[in-house]
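Only one structure is covered here, and it is reproduced in the block below.
The values are calculated or read from the model by the stated rules, or taken from the named source; none is laboratory data. Fair warning: this is a prediction, and the values are worked out from it, not measured in the lab. Note that each Cβ is placed from the backbone with ideal geometry, even for glycine, and that neighbours are counted across all protein chains shown. Just the protein is used for accessible areas: all its heavy atoms, side chains included, with ligands, DNA and RNA removed. Shrake-Rupley method; radii C 1.70, N 1.55, O 1.52, S 1.80 Å.
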Amino acid sequence: MRHQRTKTCGECRLSHVGERVVLNGWIQAVRDHGGLMFIDLRDRYGFTQVVADPTQHAQLAEVGPECVIAVVGTVRARPAEARNANRSTGDIEVAALEIEVLNTTKVPPFEVTDECRTREELRLEHRYIDMRRRPVLAAMELRSRLNFLIRQSMVGQGFMEVETPVLMKTSPEGARDFLVPSRVHPGLAYGLPQSPQLFKQTLMVCGIDKYFQICKCFRDEDLRADRQPEFTQLDMEMSFVRQEDVFAVMEKLMTGVWSELAGSTVTAPFPRMTWDASMTHFGSDKPETRFGLELFDFAERARVSPFKVFSQTMTAPQGTVRGMVVPGGAALPRRVIDESEAVAKSYGMGGLAWVKLGAEGPQGPLSKFLGPEDLAALKSFGANQGDLVVFTAGRFEPALNALGQVRLHYGRELKLIDTKQTHFVWITDFPMFEWNEDEKRFEAKHHMFTAPTEALPPVGGDLSHLKASLYDLVLNGNEIGSGSIRIHQPEVQAQVFAHVGLTPEQAQDKFGWFLRVLEYGAPPHGGIALGIDRIAMILAGATSLRDVIAFPKSASGVCPLTQSPSAPDERQWRELHLRPEA
RNA sequence: GGGGACGUGGCGCAAUUGGUUAGCGCGUCGGCUUGUCACGCCGAAGGUUGCGGGUUCGAGUCCCGUCGUCCUCGCCA
């Protein structure tokens, strides 16, 4: 490179007119008028129009879009009628004195334009071209600013950033671990962290008091639009705190982030809602609270209903019948109702019971089962003439969850969600355990290190009603963080291990080291982890995590750019004492 | 592991009920062009319709299988 830039492509203004400058960048577009040529030069900072006489610069014959050039030239004001108000540099142009071709390019597989509508697979395969596009670049910048604001806020609030190992001990509970086989120790493996949970708790015992880290976490499970195998968390933990202290730190962080990056004011404290209330009213543990359509409990009437699905469900274990009023829904076409039934079915329901309260009385499959007392009950739940009422029947969580999804379906279908609003809400008092039907045992709802809010019953007892100091931060119906007050007493920790079916030997083998940590003066502590990718996605207005990750993986976990995972060679397998299945 | 959608020149799309030589726009290449900024005008090249098999006189179109991508249930915090 003979000519190194003295200005970026977003820098020159009328105040620079007359200056001799050097620009480096990519050719965005060439407009060749024969005796006069316009070149839009682009870098991260902007675009500058270069004007050249092709007869003076023979190299111009060999360059096209995405070639990299250096331009030596003079800044001059554009003629008044040729100014471009759409660009910050639109009042000036650089008249080329010399042009140096720094690199040519193959014909790009797609054009570098804002509204590029090529398929995502191709964009990710050529991410180095895709990221030159302004929307992608903007998402990366947003993320960078988010990370900076997080560090600024956390350090400002007295937290210390500590790095924890990525090669760590594999753990049996929760998501599947990515394994890293050991070369030195045949048959042994590290696990990549699902989160630095035990290390951050250990840091509390170390006396760090306030810890945070922006760290990569890994989970070897199937992917979704909002789930990648590796993702980034803001991980934090504090000593001598109750959950309100954790909330306050996060509220200060998030209100600051929102005012900086979303340009909107979010006020703290955020509303709090118990898990029971969230499930009961919204059919979800991550409620979208920007519209109504709250659910109601139809148990009383369902119990005595002639409709067998209702009455039989009420006699089954954990059986419940829940309903939801769709105001004005009696006018909805059958197609919309059928679609909502499909939603309920996809979430495990046999169907969706519904009734339209029309002018001539109840209509629909359920109407013949509804007596005057049922209709009075519906009225008490807010149903009026002209409304649609839908119901699910089943076990508590599936029935509520399915109806919650139906609620979201109607919220979107009827455009009830005010997307201009930002609703943070804390969900608190989660159940400590949940029953795993496949394995016939209780397992931790969050993880095994969450503190119960009351004394644990003897092993073998019913754990289904136990609550924990466990909380989620929910934003516009997205779970963006999850945390808890932790167990800091080794006896309690040992009890929890026993409750989830770990023998003392297994507990010792997997977590003995951590039980010992707790035995040496562990302070009461708690914390939370926020999903930075998801927060960035919401701030960017994106619908996929891939839009805010520089080099994301496809739904099957493949990196489109590098084609990982790939086959290690024979020697690599051998060194790890492994052999692939043929 | 299950369900759904998609796969056609480099890119985005079209092709009626299975029927002629698979079209259009962008890009690319060549020519013209001194005030454009999605420059314009003229011309040209570019296709094993993801892959494999089948049905048929005939398949981009129908059937079976397979691969890939996306969405999703399960799974996962």
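Points worth noting:
- Links that overshoot a 21 Å alpha carbon limit, given the list A:Lys308/A:Lys345; A:Lys356/A:Lys379; A:Lys169/A:Lys210; A:Lys286/A:Lys420; A:Lys210/A:Lys252: A:Lys169/A:Lys210
- Global form of segment A:456-580, assessed from the alpha-carbon gyration tensor, a/c cut-off 1.5: oblate
- Segment A:367-399-segment A:116-194 distance, computed between alpha-carbon centres (Å): 47
- Note on chain A: the alpha carbon radius of gyration divided by the globular reference 2.2 N^0.38 Å gives 1.21.
- Available extension along the chain between A:Leu456 and A:Glu81 is 127.1 nm, counting 0.36 nm per residue and deducting the alpha carbon span.
- Partner aspartates and glutamates for A:Lys440 [C-alpha distance under 20 Å; skip if fewer than 8 residues away on the same chain]: A:Glu173, A:Glu397, A:Asp462
- Total formal charge among the other residues, if their Cβ is under 13 angstrom from that of A:Met537, Lys/Arg +1 and Asp/Glu -1: +1
- When all protein chains stay in place and ligands, DNA and RNA are ignored, the 1.4 Å accessible-area order of A:His57, A:His33, A:His577, largest first, is A:His33, A:His577, A:His57.
- Bridgeable aspartates and glutamates around A:Lys368 (alpha carbons under 20 Å apart, same-chain partners fewer than 8 residues away excluded): A:Glu300, A:Asp338, A:Glu341, A:Glu360, A:Asp387.
- The residues of chain A expose on average 49 square angstrom of accessible surface per residue, using a 1.4 Å probe on protein heavy atoms.
- For segment A:291-417, a crude dipole built from +1 on the beta carbon of Lys and Arg and -1 on the beta carbon of Asp and Glu, taken about the Cα centre, is about 180 debye to the nearest 20.
- With a cut-off of 9 Å between beta carbons, the residues surrounding A:Met279 carry a summed charge of -3, where Lys and Arg count +1 and Asp and Glu -1.
- Within the assembled protein chains, the solvent-accessible surface assigned to A:Arg412 is about 150 Å², based on a 1.4 Å probe.
- Surface listing: A:Phe148, A:Phe296 arranged by accessible area from highest to lowest gives A:Phe148, A:Phe296, probe 1.4 Å.
- Only protein heavy atoms count here; on that basis, with a 1.4 Å probe, A:Asp91 has an accessible area of about 60 Å².
- GluC sites (Glu not before Pro) restricted to DSSP loop in segment A:450-507 with at most 12 other C-beta within 10 Å: A:Glu454
- Near A:Gly364, once Lys and Arg are set to +1 and Asp and Glu to -1 for all other residues with Cβ below 11 Å from its Cβ, the sum equals +3.
- In segment A:468-543, a dipole from Cβ-located charges (positive for Lys and Arg, negative for Asp and Glu) runs towards its positive end, and of A:Ile487, A:Leu475, A:Gly521 it is A:Leu475 whose Cα lies farthest in that direction.
- For segment A:291-417: rounded, prolate or oblate by the Cα gyration tensor [a/c cutoff 1.5]: oblate
- Measuring only protein heavy atoms, the 1.4 Å probe finds A:Cys559 accessible over about 10 Å².
- Tensor-based shape of segment A:394-478 (alpha-carbon gyration tensor, a/c under 1.5 rounded, otherwise prolate or oblate): oblate
- Other-chain or far-sequence residues with amide H under 5 Å of A:Arg486's (modelled H): A:Ala451, A:His525, A:Gly526, A:Gly527
- Straight-line reach from A:Lys106: taking Cα to Cα under 17 Å and skipping same-chain neighbours fewer than 8 places apart, the aspartates and glutamates in range are A:Glu62, A:Glu66, A:Glu125, A:Asp130.
- Close amide H partners of A:Leu223, meaning residues 5 or more places away or on another chain with modelled amide H under 5 Å apart, do not exist here.
- A dipole drawn for segment A:291-417 from +1 and -1 charges on Cβ atoms has a positive end, and of A:Tyr347, A:Leu378, A:Val309 the residue lying farthest that way is A:Tyr347.
- Only DSSP H runs of four or more residues enter the estimate; each adds -39500 (n - 2.57), and after division by the residues of chain A the mean residue ellipticity at 222 nm equals -8000 deg cm²/dmol.
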